[in-house]
Amino acid sequence: MDLIKFIRLALLPVVVFIFLIAPAPSSRSQRPKNVEREIDALMAKMTLEEKLGQLQQLDGEGNGTFRPEHPDLIRKGLLGSTLNVRGAKNTNQLQHVAMDESRLKIPVLFGFDVIHGYRTIFPIPLAEASSWDPALAEQSTSIAARETYSTGLRWTFAPMLDIARDPRWGRITEGAGEDPYLGAAFARARVRGFQGSDYSAPNKILACAKHWVAYGAAEGGRDYNTTEVSENTLREVYFPPFKAAVDAGVGTVMSAFNDLNGVPTSANPFTLTKVLRGEWKFEGFVVSDYTSVKELINHGLAADDKDAARAALNAGVDMEMVSRLFNQQGPALLREGQLTQATIDEAVRRILRIKFRLGLFEHPYVDETLESGALLTSENRAAARAIANRSMVLLKNDRETLPLSKAVHSIAVIGPLADDKRAPLGWWAGDGKPADTVTPLAGIKLKVSPETKVSYAKGCETQGDSTAGFAEALAAARNSDVALVFVGEPAETVGEAASKSSLDLSGRQMDLIKEIHATGKPTVVVLMNGRPLTIGWVAENVPAVLEAWMGGTESGNAVADVLFGDVNPGGKLPVTWPRTVGQVPIYYNHMNTGRPPEATNRYTSKYLDVPWTPQFPFGYGLSYTQFKITNLQLSAQRIRTSGNLTVTVDVENVGKRPGDEVVQLYIRDLAASMTRPVKELKGFQRVTLQPGEKKHLEFVLRPEHLGFWNREMRFVVEPGEFRVMVGSNSEDLIETKFAVE
Ligand code: BGC
C-alpha cells in the first residue's frame, strides 16, 4: 500500500467522525458572515435601477418559455426572478443572459407552483393531510423537489399553509385542512421535504410559506374576499403553520390577496414586519401574490400606483409578483421621501441573501442531460401510489361490503370519474400530464382476476343535465355482481377562483348513484374530490363509501389497492364534513357558547331544520379492521404551569386484518380568563397493528400545548382544570382530567 493511500485510509474514520458530529448545515445559518459580506460588496456596486430590478418578478409565457422582453430586462439588471419559466433549456438560456451579458451577473431565481408534485403528481395536499402521517408529505415534497430541480427551477410557491374552515373556498384543496396543530405538523414536513437541511444542495429547492395570512378565512368562502380575524385567533389558529414553517427554516413567504382587519395582507406592517421579521426573526424575503401590490388600489388602501408601491414596500413586501410598481414608482417615492433607501436596501439584501444561500451564484445552471431521466421515474410513481394508498379515508362500510374479492365474477365500473385522466391530478398539477394518469378503471382491470368481467359505463358528466348515459350504466350494474360508482369534482372546480355556493355533487351525479343503488346490486361509491361535499343521501343509503380524493398520477392503482384489500385504508378527515352547506362554517375546535346545543331545548345554539352535528367529524375514518382504545392514564393529576404531563393509552386491533389507527389527543381548558375551544388537537400517532396486537402509546403535553394568547396578547398557561381526551376521531373519545397549579 503506498503511503498516500495509507494516510487516506487511516484518516477516513476521523473524517467520518467529524462529519457525524458536525451540525447539519442549515440554510439559515450557512456561512452567514461571508454571505452578508458578499451582499455588501455587491450592493455597493448596484444602481437604484438595478436594486429595484432585483425586487421584480415577472410571469413567463403559458408553456414554460420566457417572454420576449425578459432577456433585455435581465441584461439591464431589471429582472430578478420569473415564475412559470421552466425546463432546463429555457432556464439555462435565460440564465446565460444574466451571467454572461448583465453588468453585475446576478443570477435569476426561477419559481413555479409545485404544490403536489412536478411531473409525478401526488395526492392533493388535503388528501395527504388525511394520512395524518407528515413523513409522507416530507417524502412527496422531497421527490417533487428532485424533479423540479432538474428543470432549472429553484423555488416553489408552496407549501400553502392556510387554515380552512370553509369548504366553499376552493383552495381548501391546497392545504392541510382546519386544524392548526395538524397544519403545523404538515408545514414542517413539507418545508423539510422541499428544502432539506440545506436548500443549496442539488435536488433541493427553496420553499415559500403562503398565503400570509388568514387568506382561508375569506368571507362566505369567496376567494380573494375580506377577512376579519381577531389577533388572538390569528395567533392561535392562522399563524401556527406559518410559525412552524419559519422555525423549519423556510426561505420565503408569500403575502396574500385578502384584506385583513382593514389592512390588506400585501401591505400589512403588523403581519409582515412586526410578527414575521420582528417576533419570528424571519431572515428570508416576502414575495407578493400575483399582482396583489397593484390590487391595493382596488382594496381602496392606495390611491394610485405610487401609493400602492409605497404601502407594500414600507409594510415589508420585498419582491413584487407581476405588477411593476416597485420598479416604476420606486425612484419617485425615494425622491419625495415617501420611501427610504434603507427600506429598498433591506428588500434587496433579503433577496440577495437567499440567492447566495441557494448557491445560485456558484451554480446558476442545471445539467440539461439529467432532466428527462429525473421525471416520472418508476420509483417516483411507486411513492405516489403508496402515498395515495395512505391518504384514503373509508367513510362507510356496512356489512363488510369492502374489500371486494379479486375473483368477483363481474364488476360494473360506473361514473364520470371512473376513467377520467385529468380530474385526479387536481388543481396546480405542476407539469403533470393527464396521459400519465392511471384511472380507476385501468387500476381495477390490472387488479382483478383474468376471469373477472369488468364493464364500464360513464353514466353522466360531472356537470350538466344530461342523463343520456344512465341506461347504459344501469344495464352494466344489473349485469354485474357489484357496482362501483366514481363521482366527485372535475379539477377546474377546485383550487383558486373555484368557490362554490353548493357542496352537493354537481350535475346529475347524485341521481346516477340513486338509480344504480335502486338496482339492488351491492353499490360502492368512490369519491374523487378536492373539498368536503354534502353527501347525506349517500351516507345514509349506500353501504360503502370511500374518499379517494384527487389522488394524483397513480390514483387508479391506489384506489384498486384499497377496494380489493391489498391496502387497508387508515386515513382520517383533516376537516369537518357538513350535512348541508348552510351549516358552514362548522369546525370541531369552536367555542362553547353560553347555550350549547341541546336536542330538547329550543333556546340553544343550533338550527331548527338540521342537526347541529356534522355528517362526519374532524379526524373521522374507518378501517377494514376494528380498534379499541383503552386505559387512559396520566403521569400526574396536577402539574405546574411550566410542567409537562405524560398521557398514555392502549390501542388494540380487535378485528381480523392488519390495519392502521390514528390515535388522536385533544384537550380542553375548562375555565380561563378567555373562552377556550371545546376541543383542541394536541397530539396524534398513526400506528399499524396486526390482528390481536396491542400497543401502548405515549403523548407529552407541554406548556406550549396548554397555553393561549391572553387579553394582553401574552402567551400564558393559566392554572385550572383541563380535560384530556383520546380516541379515534374528534367525537369518539375517552377522557380524564388534570389540574394546572
Ligand atoms: C396564487 C398563488 C400562486 C401565484 C403564482 C396566485 O394567483 O394565489 O398561490 O403561487 O398565483 O402562480
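The values are calculated or read from the model by the stated rules, or taken from the named source; none is laboratory data. Computed from a predicted model, the values in this text were never measured in an experiment. Reconstructed Cβ throughout: ideal geometry from the backbone, glycine too, with neighbour counts over all protein chains shown. Side chains included, ligands, DNA and RNA excluded: accessible areas come from the protein's heavy atoms. Shrake-Rupley method; radii C 1.70, N 1.55, O 1.52, S 1.80 Å.
Each listed q (0.17 Å⁻¹) maps to a log10 I(q)/I(0) for the range 65-108, found by the Debye formula over equal Cα scatterers with no solvent: -0.36. Accessible surface computed residue by residue for the range 463-550, with neighbouring protein chains in place and a 1.4 Å probe, gives 32 Å² per residue. Go ahead and run the numbers for FRET between residue 368 and residue 38, Cβ-Cβ distance against an R0 of 22 Å, rounding to 0.05. The value I calculate is 0.20.
Let me make sure I get this right: for the range 492-561, a, b and c are the square roots of the gyration tensor eigenvalues over alpha carbons, sorted descending. Under 1.5 in a/c it's rounded, otherwise prolate if a/b > b/c, else oblate. Which is it? It is oblate, given that a/c is not under 1.5 and a/b is not larger than b/c.
Entry for the range 291-334 at q = 0.27, 0.30, 0.32 Å⁻¹: log10 I(q)/I(0) = -0.92, -1.13, -1.27, Debye formula applied to identical alpha-carbon scatterers, no solvent contribution. The DSSP beta bridges internal to the chain are antiparallel in roughly 55% of cases. Under a 5 Å amide H cut-off, with hydrogens placed 1.01 Å from N, residue 418 pairs with 486 among residues at least 5 apart or on other chains. The equivalent ellipsoid of the range 348-494 has semi-axes of 42, 19, 15 Å, largest first, where each one is the square root of 5 times an eigenvalue of the Cα gyration tensor.
Let me check I've understood the local charge: for residue 637, count other residues with C-beta under 15 angstrom from its C-beta, Lys and Arg +1, Asp and Glu -1. What total comes out? Summing Lys and Arg as +1 and Asp and Glu as -1 gives +1.
Mind checking the angle between helix 134-149 and the chain's longest principal axis? C-alpha axes, 0 to 90 degrees, to the nearest 10. In the chain, helix 134-149 runs at an angle near 50 degrees to the longest axis. When only alpha carbons of the range 181-275 are considered, Rg and Dmax amount to 13.9, 43 Å.
Phi-derived couplings, Karplus 6.51 cos²θ - 1.76 cosθ + 1.60 at θ = phi - 60°, listed residue by residue for the range 464-474: x, 9, 6, 10, 4, x, 4, 4, 5, 5, 5 Hz, with x used for Gly and Pro.
Remark: the range 34-128 is approximated by an ellipsoid whose semi-axes, taken from the C-alpha gyration tensor as √(5λ), come to 29, 17, 11 Å, largest first.
Relative to the longest principal axis of the Cα atoms of the chain, helix 32-45 runs at roughly 50 degrees.
Starting from the Kirkwood radius over alpha-carbon pairs of the range 426-518, derive D by Stokes-Einstein at 20 °C in a medium of 1.002 mPa s and give it in µm² s⁻¹. Approximately 141 µm²/s, per Stokes-Einstein. Apolar share of the accessible surface for the chain: 52 percent from carbon plus sulfur atoms, 1.4 Å probe.
Shown here is the pair-distance distribution of the range 408-564: with all Cα-Cα distances grouped in 10 Å bins from zero up to the longest one, the shares run 12, 43, 36, 8, 0 percent.
Once backbone amide H atoms are built at 1.01 Å from N, residue 577 has 615, 616, 618 as its partners under 5 Å, excluding neighbours fewer than 5 places away on the same chain. Past 20 Å, Cα to Cα: identify those pairs from 105/355; 51/355; 572/628; 396/628; 51/274; 355/433, in the order given. Those over the limit are 51/274; 355/433.
Note that the range 370-448 presents 39 Å² accessible area per residue, ligands and nucleic acids not counted, probe 1.4 Å. Answer rounded, prolate or oblate for the range 196-241, using the Cα gyration tensor with square roots of eigenvalues a ≥ b ≥ c: rounded when a/c is under 1.5, else prolate when a/b is larger than b/c, else oblate. Oblate, since a/c reaches 1.5 and b/c is not below a/b.
What you get for the chain, charging only the Cβ of Lys and Arg (+1) and of Asp and Glu (-1), is a dipole of about 1180 debye around the Cα centre. For the listed peptides 487-494, 460-467, a ranking on the average number of other beta carbons within 10 Å per residue, highest first, reads 487-494, 460-467. On a 0 to 90° scale, report how tilted helix 378-391 is relative to the longest principal axis of the chain, with both axes built from alpha carbons and the result rounded to the nearest 10. So the inclination is approximately 60 degrees. Across the range 292-303, rounded Karplus estimates of 3J(HN,Hα) from the backbone phi angles (6.51 cos²θ - 1.76 cosθ + 1.60, θ = phi - 60°) give 5, 6, 4, 5, 4, 5, 4, 4, x, 8, 10, 7 Hz, Gly and Pro being marked x.
Suppose we look only past 46 Å in the calculated P(r) of the chain. What percent of the Cα-Cα pairs does that tail hold? Every Cα pair in the chain considered, those over 46 Å come to 24 percent. Remark: relative contact order (the chain) = 13 percent; criterion is Cα-Cα distance under 8 angstrom and separation of 6 or more residues.
Note that the range 135-249 shows a convex hull volume over its alpha carbon atoms of 93 Å³ per residue.
Computed 3J(HN,Hα) for the range 99-106, one whole-Hz value per residue from the Karplus formula 6.51 cos²θ - 1.76 cosθ + 1.60 where θ = phi - 60°, is 7, 9, 10, 8, 4, 9, 6, 8, glycine and proline marked x.
Might you tell me the accessible area per residue for the range 672-723, computed with a 1.4 Å probe and given in Å²? Per residue, the range 672-723 has an accessible area of 51 Å².
Taking H as built 1.01 Å from N, whose amide H comes closer than 5 Å to the amide H of residue 639, not counting residues under 5 places away? HN-HN under 5 Å from residue 639: 739, 740, 741. Mean projection of the Cα convex hull over all viewing directions, computed for the range 137-188: 3.9 nm².
Of the two radii for the range 346-412, the radius of gyration is 1.34 times the Kirkwood radius, both from the alpha carbons; that is the Rg over Rh value.
Taking the average, over residues, of other Cβ atoms within 10 Å as the packing measure, peptides 279-292, 375-388, 551-564 rank 551-564, 279-292, 375-388 from highest down.
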